[in-house]
Structure formats: structure tokens, C-alpha cells
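Structure record follows, encoded as C-alpha cells.
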């Protein structure tokens, strides 16, 4: 190893970690080590197989407005468009499926449309703007009736709360609060794609240059002395010049300010004796009622797998795993306390690393690109170099 090389430690082998390892290893005089606590790279984005059906832990289709990010991924993992995808939601009290997000045309199918239209005519933009929590935000936007049958129960089970007023951030959702009238930029105008190959994104993780990147699977990490850049990896003390982490920031400070809460998922695979179950372009079914699960996914819509049977994935919110940062202001503020303690050579990225629910595959790649530029320049801008990822709308 060159004496002038920078030793770079990347913690977490999901999309953020692997994208950063790939990009940073392209720089001269960098020596990259990638840690992953499990036996494979890819985390929830890794393609697995059940009865021959390819699937990931929850739907992992790729959405972005950044063509550079799409082009980067497409060179490594050739993608196909899935822009025709549709989502629908079941409302039990109407025994009806509606668009998800709700479309203005859905109102005509609702038995209580007169009441709903009256409530919509009474909404005031100032009240929407000044809403203090998720419940007020939605009621002020679409009225009590629509909120009660399409939003209220879904968000309670999504975030495992008994009162949506506890959710005091609410502008992070791409679904928005108003009824959809035409294409919505967050979803309908984005590049929407999925890998062409049978193994999904796995080549992104498995065809990594192991001559440039040292990969340690089944790794155990402890902090020896963060200030001195000392870490214990599988019982061996090692020093690094730069660290990029994709895990929750409270880990590095022994939960000094309290543990950051996450919502997990219980994921169930169900195979049905039919080539397809959902309508032609419908990929997701959401459920806005008292069911424990939030949505069902038909994986063949993404993978184009050929079979006389079809695999459905069912997602149930739980405390199993750290998948979604909880969108409470007090928890976000707590995460910022941890961020401010990181030295300028420490980068925290990805959904868990930034403690932001809306961070997805494209954001992880974009963050990795940004880190590569920062390391290349050698100009680290204080402890929060990726500043836009620490603001929460």
C-alpha cells in the first residue's frame, strides 16, 4: 500500500455502502475496506429466490429524477422501464379499490361523495400551511371523511402509533396531501425502472472489484476511540483516515442521547396457483383499514419471471429491524445531536445513516457521488459535509 494512501472504512454493505465503495475506490491513493455484518452484500435490496421466484425484501423498484444517477446504475445493472406501474388501495367501508395516491376521479365512485366534496370546498390553504401534525395536515387538506377512510388507519399501523397527532413531520411523503389531478412529479414524472437480469441488483453487489476493495463479511465492529480513528474489527484494532457509515449514528456514541427509534417489517412470502393476481399494470395493493399489513406486492410485475404460479409479498409493520426512521421532530433533533459530534472525516449516509425516511436507492448513489467529490478535493466542510441531507422538510 502506498504510504500516502488514505485508508477508508465503509460500514454497511447495502446500496449506500457498496455505491460508495465502488466510487471511492476509483480515486488514486485510496485503500477501501467494506464491512458487512451479514454473510452477503445487498441488505434488503438483494434478490433472493423462493420456489424459483426472484424477490427482494419489499419492493425495490428504482425511482429517480437524476439522469446521471440512473445512467451510473444502468451501466452496472442494465435496467428496464416500469413506468406503467400503478398502485391501488382498498377501502373496506366502501368495498372499493381507489387510486393510490387518491385521484380526483375516485370521488365519483364513493358513496359519500357529496359529503366529501362539501368538505373539500371548505378547505383553507392557511390552515393547511399552519398544520402542526399529520392528522391536522390531512384533515385540513382533504376533510375528515376522506382522511378517516383512506389515511388515518394506514398511518397509525405504518408508524405503530395510536394517534397520528404524534407524527409532527409530514412533508416528507411524495404522495402529498391534495387529491391527484394529473401527473405528480414525485412519482409519475420520475424515471421508474427495475433490473433486466433475473438476479436483480445482485451484480451491483457481487461484481465488485475485490482487488480495490477489501470486503469483510460477518463482521463485528466496536469503537475503540473515535477521536483517534481507532476501530475494533473482528477483535483487531485498526485505524482509518476516513469513515463512511450507513448505520444509525447513535451506535458510535453508545446511545448517549438515547436510542433512535426505527420501524421494522415482518415480511411474508405467499405463492398463489395463478400466473398473475393483480390487474394488468398494478404492482402494489395498499390497505387502509384494520388489517395488520400495509401492502401486498406482486413481484412478477417487476421481475417478469415466467411461472404458472405467482409470488406475493406481504409487509407488516413491526419492531423487527431498522428499516424506517420514525418521523417525530424530537427524534430527528436527537439524530442531529449525534451528527454534530462526528468529526469532519466521518460521513453518515443512507436512510439509517441520515435518519431520513425518504432516502432511497437513488439518494444513496447521489450521496456516494458527492462523497467521492469531497474526498477527491480533500476539503472537508466540517462535521456535516452533506448538509442538504440533514435538513428535514
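Only the coordinates and a few stated rules stand behind these numbers; no lab work does. What you see is a predicted model, and the numbers here were worked out from it, not measured in a lab. So basically every Cβ, Gly included, is an ideal-geometry build from the backbone, and we count neighbours across all protein chains shown.
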Test of understanding: what is the full-extension gain from residue 181 to residue 281, defined as 0.36 nm times their sequence separation minus their Cα-Cα distance? 34.1 nm
So how tilted is helix 361-377 from the main axis of the chain? Cα-based, degrees 0 to 90, rounded to 10. 30 degrees
Taking the range 18-81 and dividing mean pair separation by its residue count, relative contact order in percent (alpha carbons under 8 Å, at least six apart): 17 percent
Rounded, prolate or oblate: which fits the range 173-332, taking a ≥ b ≥ c as square roots of the Cα gyration tensor eigenvalues, rounded meaning a/c under 1.5, else prolate when a/b beats b/c? prolate
Seen from all sides and averaged, what is the projected area of the convex hull of the Cα atoms in the chain, in nm²? 20.1 nm²
By how many degrees, between 0 and 90 and to the nearest 10, does the Cα long axis of helix 329-339 differ from the longest principal axis of the chain? 10 degrees
Using a 10 Å cut-off on Cβ atoms, rank the peptides 160-168, 210-218 from the highest mean neighbour count down. 160-168, 210-218
Taking every alpha carbon pair in the range 314-386 and sorting the distances into 5 angstrom bins from 0 up to the bin holding the longest one, the percent per bin comes out as 3, 15, 21, 22, 20, 10, 6, 3, 1, 0
For the chain the mean separation of alpha carbon contacts under 8 Å (6+ apart) over residue count, i.e. relative contact order in percent, is 24 percent
Let me have the relative contact order for the range 184-312, percent, based on Cα pairs under 8 Å that are six or more residues apart. 18 percent
Taking Cα atoms, the helix 134-146 axis meets the longest principal axis of the chain at an angle in degrees (rounded to 10) of 30 degrees
Roughly what % of Cα-Cα distances in the range 1-102 sit above 20 Å, to the whole percent? 60 percent
Computed, not fitted: 222 nm per-residue ellipticity of the chain from DSSP H runs ≥ 4 (each -39500 (n - 2.57)), nearest 500, equal to -7000 deg cm²/dmol
Listed highest first by mean packing, meaning other Cβ atoms within 10 Å per residue, what order do 240-251, 325-336 come in? 240-251, 325-336
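Nearest 5 is fine: what % of DSSP beta bridges in the chain come out antiparallel, could you say?
In the chain, DSSP labels about 65 percent of beta bridges as antiparallel.
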What shape does the range 94-156 take by its C-alpha gyration tensor, where a ≥ b ≥ c are the square roots of the eigenvalues and a/c under 1.5 counts as rounded, a/b above b/c as prolate, and the rest as oblate? oblate
Would you mind calculating the gained length between residue 71 and residue 234 on full extension (0.36 nm times residue separation, minus the Cα-Cα distance), in nm to one decimal? 55.0 nm
Modelled FRET efficiency - R0 45 Å, residue 162 with residue 84, Cβ distances, 0.05 increments: 0.75
